[in-house]
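Participant: Have a look at this one.
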Amino acid sequence: MIAAAAATILLVMKKPGNVRVMQQTLARSGYTGKMISGVAELQATLAEPLSPRLGIVDVTDFGSNGRQIHTIYTCLQERSIPFVVLSAPQALDLGNHSFAYGATNVLPKPIAKSALLQLIHGLAA
Amino acid sequence: MERLCTGVDGLDEILHGGLIPQRSYLIRGGPGRGKTTLGLHFLTAVDDSESALFIGFQEPEAQLHSNAASLGIDVSAVTFLSLAPDAQFFTEQQSYDVFAAADVEQQPLVEAIIQAVEHHHPTRVFVDSLSQLRFLSTDIFQYRKQVLSFLRYLTQRGATVLFSSESSRELPDDDLQFIADGVINLEADVSGPAIRISKMRGSSFRFGMHHMRVAGGGLKVFPRMIPASSRRAELQLQCWGTGVKKIDELLHGGLAASTVSLITGPSGIGKSTLAALFVAEAARRGERAAIFLFEEEIAFFLRRAKNLHLPLEEPFADGRISIEQVEPMRYLVDEFTMRVREQVEEADVKMVVLDSVTGFEIALGGEAVRERLHAFAKGLSRLGVTVLLINEIEAMTGEFRISEKSISYLSDNVIFLRYMEIDGMLKKAIGVLKKRLSGFDNRLHTFEIGPGAFKIGAPIHGLHGVLGGTPMPQDES
């Protein structure tokens, strides 16, 4: 738990409200959530001396742009950063494709906080 | 039993003194019915030893202050905990879908409430509205449990809690009604907005719909008049005459005090004039009387009285007689009856004239007010007031009926006036049909109204069918 206190989790999502509640939830468990709203920002962040433990990608925010989401997955995979994909229940097909790019889990929104935190503890520890 | 005032006098009267402290009460009603206003009244009724907390999920504090000010309610002693979303929630796109609302909102909300309660130790809490918690619960069981626990938390800390709900067909609030110790419904019937108590654990209350109004000064509740179970017997010994010897002889002295009398007859026959005779005589004896005109203007009424040499102007001027012209839609029924009751009690009015029953019904809300009229007339009579109801019959002649409104049952005395056609002439007849407390002259008499007099003629002899309006000589029957 002490090791996880400094861990950064990349929040690859665009909706400010989602980022806010994610950051609040992560902060209460000792994580830092860093918002990443697009490919360029992800690449810039990964170039920094930062060792993100985990990525949480809301695929719904990038749903119509397959190229962009493909790049995001590739970047995370190349850096060996495990990532979890969040998807709207009606677009789970889109999320399921992410398994081919190394996603550890695809979760339908809304997610139970406790379940997400349990998963994070397992992956980011 | 100790009672806590609600801040609304009329509601306290309906609740037989107010709310039982440290319990929770549900205020139900559609949008704009006055739920928040009632909550504000409740909170602002604190005395120096109390503190009040408003927990709001909908309106921001500034808006609540503004609304209260516009109603003349001083909320300076109230602490507001506004849990309503601010404008940034929209402008900064703060809505979310990664977590369920219950997962995100419940904890900070509970923490904020606990903090406010522990800090202010409120004795009065208003939650507006508890329906909001429904959206933060995962299922109905959790919601019910959460509400019960929340209310218990507040009441165990010494607070009396009022909470509102927003019920609809899709989201009924039956569960909240079961949970609450009392249920106050803000409703509306055809005669206007009304308040109704449907549940009050550990206390009796006045049943039925009671009209209410939200206006300057806030919420006003007008408890419907319930006649006292007994009347003051000594008042029945008094008798009210007209000062016209022959009319008083018909009535064997006059109308007993604190009774209800129906003066019934077709349009223009002299019902109001006859009532005015009783009023003028009461004023002459130094007593106070009140006339409520639902159809005629005061000026016309007084001019007519003057033409008939009825001395009403002077007692009207010095206050022995009050005359009010009641315009349609001005009052709610219970508002009107409360106003009359207050006038009776404050000015010691001994006689009340309602002119007319039809006007009362039309001006105050239609057919639905009949039961109110009953309670009104009986209620006044048991306060010692002599009540004269003027009742117009539509049919000028034909089958005789005391009233087309089925109200004769509530009258102790009935005086009827009839037109009759004799030899191509329209004549008038007067008779007494009923007088509960004494005998009366059961003969019909002709009468005339003219300047200076209400002249009673000789008893009608040798005719039958007078009540039908077309009398025939006895020997032709």
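Participant: Do the conditions hold for B:H16, that is, is it over 30 Å from B:P108 (Cβ atoms) and either in a loop (DSSP other than H, G, I, E, B) or within 27 Å of the chain's Cα centre (by Cα) (or both)?
Facilitator: So B:H16 passes the test.
Participant: Here's another thing I want to ask about it. Take the residues of the stretch B:123-144 that are touching a residue at least 60 places away in the same chain (Cβ under 8 Å), of a type in the set (S, T, N, Q) and not in a helix (DSSP H, G or I): which is surrounded by the fewest Cβ atoms within 10 Å (Cβ to Cβ)?
Facilitator: Ranking the candidates gives B:T123 first.
Participant: May I ask you to list pairs of residues, at least six apart or on different chains, whose Cβ atoms are under 8 Å apart, with the first in the stretch A:3-20 being closer than 10 Å to A:A124 by Cα and the second being modelled with pLDDT of 85 or more and in a helix (DSSP H, G or I)?
Facilitator: A:A4/A:H121; A:I9/A:L26; A:I9/A:I120
Participant: For residues in the stretch B:427-461 being of a type in the set (F, W, Y) and open to solvent by less than 30 Å² (accessible area, probe 1.4 Å), which is modelled with the highest pLDDT?
Facilitator: Within the stretch B:427-461, the match that is modelled with the highest pLDDT is B:F447.
Participant: Of all the helices (runs of 4 or more DSSP H) wholly in the stretch B:289-401, which have at least 1 residues that are under 24 Å from B:G254 (Cα atoms), out of contact with any Ser or Thr (no Cβ under 6 Å at 6 or more places or on another chain) and of a type in the set (F, W, Y)?
Facilitator: Per the criteria, B:298-307, B:313-318.
Participant: Quick check: anything in the stretch B:266-289 open to solvent by 60 Å² or more (accessible area, probe 1.4 Å), at pLDDT below 95 and among the acidic types (D, E)?
Facilitator: Scanning the stretch B:266-289 turns up no residue that is open to solvent by 60 Å² or more (accessible area, probe 1.4 Å), at pLDDT below 95 and among the acidic types (D, E).
Participant: Collect the residues in the stretch A:56-92 that are under 10 Å from the mean Cα position of the chain (by Cα) and within 14 Å of chain B (Cβ to nearest Cβ), keeping them in residue-number order.
Facilitator: If the condition is that a residue be under 10 Å from the mean Cα position of the chain (by Cα) and within 14 Å of chain B (Cβ to nearest Cβ), then A:I56, A:V57, A:D58, A:V59, A:V84, A:V85, A:L86 are the ones that fit.
Participant: Right, another one. Just to be sure I understand the filter: pairs with C-beta atoms under 7 Å, separated by 6 or more residues or on different chains, first member in the stretch B:304-318 and in contact (Cβ under 8 Å) with a residue 60 or more places away in the chain, second member part of a loop (DSSP other than H, G, I, E, B) and surrounded by fewer than 20 Cβ atoms within 10 Å (Cβ to Cβ). Which pairs pass?
Facilitator: B:N307/B:P451; B:L308/B:P451; B:L308/B:G452; B:H309/B:P451; B:H309/B:G452
Participant: Another one. Only one of these conditions is not met by B:F292: (1) modelled with pLDDT of 95 or more; (2) open to solvent by 20 Å² or more (accessible area, probe 1.4 Å). Which number is it?
Facilitator: (2)
The values are calculated or read from the model by the stated rules, or taken from the named source; none is laboratory data. Source: prediction; values computed, not measured. Positions of Cβ are generated from backbone atoms using ideal geometry, with glycine treated the same way; all protein chains shown enter the neighbour counts. With ligands, DNA and RNA removed, areas are computed over all heavy atoms of the protein, side chains included. Shrake-Rupley method; radii C 1.70, N 1.55, O 1.52, S 1.80 Å.
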